[in-house]
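The structure appears below as structure tokens.
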Amino acid sequence: MDELNPLERVEYELTTFIRRAVYLDQSERKIGFLERASYLLLRQLDEFGPSRVKDLADSFKLDISTLSRQAGGLETKGLIQRFADPRDGRVRMFKITELGKEKLEADKRLRLERYNEWMDGWSEEERALFGEFLTRLNRGFVD
């Protein structure tokens with residue numbers, strides 16, 4: 001591993017991390033109650049407020065039918081609510097419900113506990129720098 005150039009190392013480590021995260025999400029060691037897609041959708045609505053289906057699909061790089069199916073499951077569970085866009089009644093929007101906020105916060109606490117365990121021994125500066133680098137990487141994502 002030491003012989004890899006920095007970009008090769010980033011590629012390898014990210015690929016390994018993603019694979020392990022997917023494994024954990026699908027194993028008996030899964031944390032929380034929400035599936036990853038549900039968690040992300042609730043986080044988006046909680047952080048940015050009500051949103052049109054198309055805008056949500058665009059932000060997650062999904063087609064509208066996939067996003068609508070995921071949202072429909074959350075709506076059935078009472079975690080999000082569908083309503084008409086006040087600017088154009090033909091367009092549907094989603095917003096997170098109080099129950100959705102409760103479930104999201106419970107899962108978020110569990111996820112933060114896991115990351116805290118994984119980063120045990122990291123300084124606050126190291127954690128902040130890692131977060132900054134991940135943010136830059138996500139912002140650089142293009143289709």
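The values are calculated or read from the model by the stated rules, or taken from the named source; none is laboratory data. Just so it is clear, the structure is predicted and the values come from calculations on it, not from any experiment. Here Cβ is always computed from backbone atoms with ideal geometry, including for glycine, and neighbour counts include all displayed protein chains. Keep in mind that these areas ignore ligands, DNA and RNA; they rest on the heavy atoms of the full protein, side chains included. Shrake-Rupley method; radii C 1.70, N 1.55, O 1.52, S 1.80 Å.
Residues that are under 17 Å from the mean Cα position of the chain (by Cα) and of a type outside the set (Ser, Thr, Tyr) were ranked within the range 113-129; the one that is most open to solvent (accessible area, probe 1.4 Å) is Glu113. Remark: pairs (first residue in the range 58-70, open to solvent by 80 Å² or more (accessible area, probe 1.4 Å); second residue among the small types (Gly, Ala, Ser); Cβ separation under 6 Å; 6+ apart in sequence or on different chains) = Ile64/Ala57.
Table: residues versus (1) out of contact with any Lys or Arg (no Cβ under 8 Å at 6 or more places or on another chain); (2) at negative phi; (3) in a helix (DSSP H, G or I); (4) not basic (Lys, Arg).
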site: Glu8; (1), (2), (3), (4): yes, yes, yes, yes
site: Tyr12; (1), (2), (3), (4): yes, yes, yes, yes
site: Thr15; (1), (2), (3), (4): yes, yes, yes, yes
site: Arg20; (1), (2), (3), (4): yes, yes, yes, no
site: Tyr23; (1), (2), (3), (4): yes, yes, yes, yes
site: Ile31; (1), (2), (3), (4): no, yes, no, yes
site: Ala37; (1), (2), (3), (4): yes, yes, yes, yes
site: Leu45; (1), (2), (3), (4): no, yes, yes, yes
site: Asp58; (1), (2), (3), (4): yes, yes, yes, yes
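Out of the range 4-40, which residues are hydroxyl-bearing (Ser, Thr, Tyr) and open to solvent by 40 Å² or more (accessible area, probe 1.4 Å)? Within the range 4-40, Tyr12, Thr15, Tyr23 meet the criteria. For the range 41-57, the set of residues classified as open to solvent by less than 80 Å² (accessible area, probe 1.4 Å) and in contact with a helix residue (DSSP H, G or I) (Cβ under 8 Å, 6 or more places away or on another chain) consists of Leu41, Leu42, Gln44, Leu45, Asp46, Ser51, Val53, Leu56, Ala57, listed by residue number.
One residue stands out in the range 73-98 among those that are surrounded by 13 or more Cβ atoms within 10 Å (Cβ to Cβ) and not in a strand (DSSP E or B): the one that is modelled with the lowest pLDDT, namely Gly73. Considering the conditions (1) assigned to a helix (DSSP H, G or I); (2) under 21 Å from Leu34 (Cβ atoms); (3) among the charged types (D, E, K, R), Lys54 is excluded by exactly one of them, (2).
Can you find a residue in the range 23-33 that is over 17 Å from the mean Cα position of the chain (by Cα), among the charged types (D, E, K, R) and within 21 Å of Leu112 (Cβ to Cβ)?
Yes, the range 23-33 contains a residue that is over 17 Å from the mean Cα position of the chain (by Cα), among the charged types (D, E, K, R) and within 21 Å of Leu112 (Cβ to Cβ).
Within the range 22-38, at least one residue is at pLDDT 90 or above and closer than 24 Å to Arg139 by Cα.
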